[in-house]
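Chemist: This structure is in structure tokens; I'll ask about it shortly.
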Ligand code: AMP
Ligand code: MG
């Protein structure tokens with residue numbers, strides 16, 4: 001048994017302009033609330049050894065493991081459209097990187113581990129509620145097979161954090177393929193530090209886009225690669241009804257993973273105008289705006305890369321525009337291919353986009369639950385009796401009937417066999433998502449000292465594509481109170 005971490009750090013070597021070396025601040029009484037054993041094993045860590053007093057010491061930041069080179073990373077970012085030249089890890093500290101069992105480099109970061117030079121007056125801490133919320137939702141995203149940061153552990157600190165009221169404090173151990181953001185590039189661009197920008201681009205190519213190194217124009221290939229991954233990512237969000245909530249450029253990972261779970265939440269009833277975050281008053285980050293915002297963020301990244309795209313500005317802008325146009329193309333393809341799978345089609349036909357859009361329009365007008373509608377279609381594709389369940393989700397069931405007629409005509413022209421279709425649809429339409437009421441109930445119980453509901457919810461979310469009778473309650477419609485659900489930034 002050993003609590004050894006096989007660190008192999010690279011970001012620290014980029015130099016002082018990229019980060020500040022800083023140790024986590026000690027906490028009073030660390031207590032492990034949750035350890036992600038399968039993830040620990042994936043990382044080559046000894047879960048039994050970490051599930052201990054010493055493990056809690058390490059995962060709270062009280063004990064810095066050998067080989068760690070703790071640092072807070074510098075970055076900038078557009079927050080709700082306004083540029084802030086200096087943000088950085090204000091309450092997170094990177095312990096270091098490990099190469100996992102599959103040879104992938106992964107960051108191990110403590111979030112809520114005390115102030116850093118980038119805290120800008122904040123306390124550097126996190127509350128237990130937001131930490132457990134990030135644990136639930138990020139692990140649910142991973143189980144949905146959506147690229148995401150992961151949660152290795154949640155540790156209660158035994159100290160209070162002060163927001164509107166005193167709340168129990170906690171530290172989350174976050175695992176990511178890196179924590180490099182669009183805002184990391186913006187930090188150096190804002191300072192005109194071309195040498196650092198070139199070093200950062202080189203690091204990102206080696207670490208995340210090795211295929212770009214061999215391209216005729218590696219930085220152009222890098223920008224195209226980032227656009228493609230963001231397009232694929234946001235399309236996946238749209239297909240499960242995920243609203244990130246705070247798509248500032250500092251919250252968009254260069255590696256194309258979902259990162260910074262603050263006010264995020266999932267749609268119940270489908271409505272593209274849905275905004276959960278209490279601070280997003282103008283709906284900038286509404287569900288339906290997410291593709292356009294991702295595109296806008298990528299344009300900010302492209303601006304940072306201009307000096308590396310071509311020596312002459314006009315030429316650089318042309319290259320950037322072309323790369324950015326790849327985003328819309330890749331997004332549309334990924335979006336419609338995904339929704340095609342969700343409605344049971346295995347081949348592309350021109351009319352499919354209209355069929356999909358008309359379903360979504362009817363769902364929005366009729367207040368249909370996003371997850372249950374698509375999951376229900378899998379059953380209805382095989383047996384028309386299942387239409388009764390679907391009709392009940394629409395305020396006016398006739399809206400479903402009209403659409404279903406067209407859908408069945410289209411299914412008849414698709415080569416997928418009847419036995420195959422439901423299985424294919426079930427693999428594209430989760431039965432269980434972290435619905436807001438489930439998450440809130442689990443957090444409320446955990447704050448009262450009972451982590452049973454939190455554990456059980458994690459279990460329910462671990463196999464989202466299966467119908468499991470034991471977890472039927474987790475797949476059901478939410479109570480009506482959810483209609484005005486609001487989230488708050490995890491600060
Ligand atoms: P976010 O939008 O939550 O990702 O955070 C935006 C910025 O605020 C980041 O630079 C964070 O590190 C910083 N920040 C958020 N909460 C705190 C806190 N409690 N203490 C210090 N910095 C914080
Ligand atoms: Mg952030």
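Each value in this text was obtained by applying a stated rule to the coordinates, not by laboratory testing. Because the structure is predicted, anything quoted here is derived from the model rather than measured. Every residue, glycine as well, gets a Cβ built from its backbone with ideal geometry; the counts of neighbours run over all protein chains shown.
Chemist: Per DSSP H run of at least 4 residues, take -39500 (n - 2.57); add these up for the chain, divide by its residues and hand me the 222 nm value, nearest 500 deg cm²/dmol.
Modeler: My calculation for the chain gives -14000 deg cm²/dmol from helical runs alone.
Chemist: Nearest 0.05, what FRET efficiency do residue 317 and residue 17 give at R0 = 35 Å with Cβ-Cβ as r?
Modeler: Once rounded, the FRET efficiency stands at 0.85.
Chemist: Another one. For 435, 199, which order do you get if you count the other beta carbons within 10 Å of each Cβ and list the fewest first?
Modeler: Neighbour counts put them in this order, fewest first: 199, 435.
Chemist: Need the full-extension length gain, residue 217 to residue 350, defined as separation in residues times 0.36 nm minus the C-alpha distance. One decimal, nm.
Modeler: Between residue 217 and residue 350, full extension yields an extra 44.4 nm.
Chemist: If the chain between residue 54 and residue 480 were fully stretched, how many nm would it gain, using 0.36 nm times the residue separation less the Cα-Cα distance?
Modeler: That works out to 148.9 nm of additional length.
Chemist: Sort 237, 403, 296 so the one with the fewest other Cβ atoms within 10 Å of its own Cβ comes first.
Modeler: In order of increasing Cβ crowding within 10 Å: 296, 403, 237.
Chemist: Kindly express, to the nearest 10 degrees and within the range 0 to 90, the angle between helix 194-208's C-alpha long axis and the longest C-alpha principal axis of the chain.
Modeler: Helix 194-208 and the main axis of the chain meet at about 60 degrees.
Chemist: Between residue 472 and residue 386, what is the label-to-label distance in nm when each label sits 7 Å out along the Cα-to-Cβ direction?
Modeler: Spacing of the two 7 Å Cα→Cβ label points: 1.6 nm.
Chemist: Here's another thing I want to ask about it. If you rank 249, 395 by fewest surrounding Cβ atoms within 10 Å, what's the result?
Modeler: 395, 249
Chemist: Kindly identify segment 11-179 as rounded, prolate or oblate by the Cα gyration tensor criterion: order the square roots of the eigenvalues as a ≥ b ≥ c, call it rounded if a/c is under 1.5, otherwise compare a/b with b/c, prolate if a/b is larger, else oblate.
Modeler: Cα axes put segment 11-179 in the rounded bin.
Chemist: To continue, here is another question. Please sort 370-381, 34-45 by packing, taking for each peptide the average over its residues of neighbouring beta carbons within 10 angstrom, highest first.
Modeler: The packing order, highest mean first, is 370-381, 34-45.
Chemist: Compute the angle between helix 436-447 and the longest alpha-carbon principal axis of the chain, please, reported from 0 to 90 degrees and rounded to the nearest 10.
Modeler: Around 40 degrees separate the two axes.
Chemist: Please give the FRET efficiency for residue 488 paired with residue 299, using the beta carbon to beta carbon distance and R0 = 30 Å, rounded to the nearest 0.05.
Modeler: According to the calculation, E is roughly 0.55.
Chemist: Given contacts defined as C-alpha pairs under 8 Å and at least six residues apart, what's the relative contact order of the chain, whole-number percent?
Modeler: Averaging sequence separation for qualifying contacts and normalising by length gives 14 percent for the chain.
Chemist: If you don't mind, another one. Please work out the Cα center distance from segment 376-423 to segment 31-89, rounded to the nearest Å.
Modeler: Result: 46 Å between the Cα centres.
Chemist: Would you mind getting the Kirkwood hydrodynamic radius of the chain from its Cα pairs, rounded to one decimal in Å?
Modeler: Its Kirkwood hydrodynamic radius stands at 23.6 Å.
Chemist: Further question on the same structure: Between residue 120 and residue 99, with labels modelled 7 Å along Cα→Cβ, what's the label distance in nm to one decimal, could you check?
Modeler: Computed distance between label sites residue 120 and residue 99 equals 3.7 nm.
Chemist: To the nearest 10 degrees, how steeply does helix 352-366 sit against the main Cα axis of the chain, on a 0 to 90 scale?
Modeler: Helix 352-366 sits at roughly 90 degrees to that axis.
Chemist: By how many nm would the segment from residue 163 to residue 358 lengthen if fully extended, with 0.36 nm per residue of separation less the alpha-carbon distance?
Modeler: Taking residue 163 through residue 358 to full extension adds about 65.8 nm, to one decimal.
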